[in-house]
Amino acid sequence: MHSAVGASDTIGLKRRHVAAATLGNALEFYDFLIYSYFSIQIGHAFFPTHNAYVSLMLSLAMFGAGFLTRPIGALVLGGYSDRVGRRPAMILSFALIGSSIVGMALIPSYRTIGLAAPILAIIARMIQGFSLGGEVGSNTAFLLEAAPVRKRALMVSWQGASQSIALTAGALVGLALTRILPPATLDAYGWRIAFLLGAVTLPFGLWLRTSLPETLHAAETHAPAAEATRGRAVRKHWRIIVLGLVVLACGTIASYIFVYITTYAQNTLHMRVGDTFAVGVVGNILSVLSVLGGGWLSDKIGRRPVCIWSNLAFLLLIYPVFSWISLTRSQAALIGGMAVLNVVGGISSGPFYTALCESLPKQIRGGGFATVYSISIAVFGGTTQLVVTWLLHITGNPLAPAWYLIGATVICQVAYMLMPESAPARRALAPPPGAALAPG
């Protein structure tokens with residue numbers, strides 16, 4: 001059996017190591033994604049206009065600016081993690097995103113400094129995107145390389161689970177602020193409090209990451225042939241890279257439609273602001289469990305069956321759930337329906353991250369995973385909410401997000417079926433034809 005990371009590569013992953021990587025990643029995603037929860041209020045601050053639709057679209061466009069620099073961050077910081085080490089790359093990315101979140105919270109409004117306000121906000125968002133672009137690759141590579149071989153997917157699943165933890169924290173903050181502050185205060189400066197809460201965690205996150213062991217050793221980072229073999233490794237693994245791009249693109253559409261639900265419920269369904277934040281709390285708490293459960297299961301039965309069957313179930317549930325929410329426009333339907341989609345949709349996250357990461361050789365793992373992830377996110381993460389808002393505007397059909405999500409999920413299903421099996425337990429029994437997984 002050939003494995004991208006052999007048993008000898010593991011360092012005896014401890015709970016505090018998983019906690020450090022997970023919490024650091026969660027803090028970064030909280031900082032980046034909290035924007036989406038307050039896109040309406042941020043639009044009022046930086047893009048004041050008499051047309052609410054135009055203000056929201058400009059705010060979402062600024063949200064998308066952070067995605068433009070993700071591939072650059074993936075190449076720079078992801079490559080840095082492959083050359084120098086996972087830990088220094090993770091510390092650097094965290095420091096960058098912490099400084100940018102402080103700037104985002106403190107930038108004066110358009111009414112105070114005029115055009116400089118949106119320009120400065122866009123710069124802050126682009127720094128955040130650069131940082132997060134490199135964060136995912138080094139973080140995922142660390143968890144894979146530090147984990148016991150038979151528990152890789154469970155450990156890597158914490159990467160996906162940490163994103164749900166971040167979304168839960170963001171939703172809780174949003175729910176608390178909307179309950180405590182009157183709408184006018186929330187619009188004026190309440191949203192800035194959410195950003196500052198993320199900034200407060202910066203010293204704690206840096207301390208956590210300095211305690212991590214290194215999984216990329218000096219002999220690997222400074223080997224004379226290491227740089228020369230990176231290009232060949234990318235060409236050799238082109239198939240899994242392309243499939244990874246497709247799956248992550250489709251998954252990104254789903255993730256950002258879920259994030260957009262708060263805005264969708266307010267703007268399209270005309271639900272109360274407080275009710276819309278509750279859906280994020282419930283859905284993402286359950287998603288943490290489903291992501292970890294999917295990773296655990298794939299360590300037992302393989303990556304492919306978990307990804308294929310959970311994605312198919314997700315596909316079949318999309319239209320009924322959105323129809324129920326659209327027809328009733330009740331908090332129960334919104335929370336219950338999105339909770340079901342979050343749970344089913346989260347099952348394939350850990351197995352897929354693991355399959356992509358363990359299918360790449362060690363010398364391109366951090367940068368390769370980060371680049372594939374960031375390109376998909378840049379193209380679809382930065383445009384999904386704009387596209388959905390536009391579709392709702394021109395069609396007037398509240399089910400427009402569902403149709404967009406169904407199309408993406410069908411494409412994802414095909415990609416999952418074409419992916420080779422990479423779980424060591426399954427490949428030892430029946431290696432799939434054509435699978436090319438280089439040793440680490």
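The values are calculated or read from the model by the stated rules, or taken from the named source; none is laboratory data. Keep in mind that this is a model prediction, so the values were computed, not measured. Positions of Cβ are generated from backbone atoms using ideal geometry, with glycine treated the same way; all protein chains shown enter the neighbour counts. The accessibility values were calculated without ligands, DNA or RNA, using every heavy atom of the protein model including side chains. Shrake-Rupley method; radii C 1.70, N 1.55, O 1.52, S 1.80 Å.
Some values worked out for this structure:
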read-out	value
Given charges at Cβ of Lys, Arg, Asp, Glu: the chain dipole, positive-most of VAL387, TYR373, ALA65	TYR373
Pairs of alpha carbons in the range 256-389 whose separation is greater than 18 Å (percent)	62
Cα-based helix-to-principal-axis angle, 303-328 vs the chain, degrees rounded to 10	10
Overall Cα dimensions of the chain - principal axes, largest extent first, Å	62, 44, 35
Virtual spin-label span in nm between LEU418 and HIS393, 7 Å along Cα→Cβ	3.4
Average accessible area per residue (Å²) across the chain - probe 1.4 Å, nucleic acids and ligands excluded	37
FRET efficiency, ARG15 to LEU106 (Cβ-Cβ, R0 41 Å, nearest 0.05)	0.70
Cα-projected label distance for LEU386 with VAL54, points at 7 Å along beta-carbon direction, nm	1.7
Accessible surface of the chain [probe 1.4 Å, protein heavy atoms]: carbon and sulfur percent	72
Within the chain: Cβ-based charge dipole about Cα centre, in debye rounded to nearest 20 (Lys, Arg +1; Asp, Glu -1)	640
Lys/Arg +1, Asp/Glu -1 at C-beta; the chain dipole; positive extreme among GLY24, GLY337, GLY114	GLY24
Length released on extending from TRP309 to THR210, taking residue separation times 0.36 nm less the Cα-Cα span	31.7 nm
Theoretical FRET efficiency, 1/(1+(r/R0)^6), r = Cβ-Cβ of ILE113 and VAL200, R0 22 Å, to 0.05	0.30
Translational diffusion coefficient (Stokes-Einstein; Kirkwood radius from C-alpha pairs) of the range 61-159 at 4 °C, 1.567 mPa s, in µm²/s	89
Within a Gaussian network of the chain (alpha carbon springs, distance under 10 Å), most fluctuating of THR384, THR178, THR112	THR112
The chain - Cys residues lacking any other Cys C-beta under 4.7 Å	CYS307, CYS357
Peptides ranked, highest mean first, by Cβ atoms within 10 Å: ranges 390-397, 237-244, 285-292, 135-142	135-142, 285-292, 237-244, 390-397
Amide H contacts under 5 Å for MET271, placed H, 5+ residues apart	GLN266
Sum of -39500 (n - 2.57) over DSSP H runs of 4+, divided by residues of the chain (222 nm, nearest 500)	-25500 deg cm²/dmol
Highest to lowest packing among 327-336, 304-313, 96-105, scored as the average C-beta count within 10 Å	96-105, 304-313, 327-336
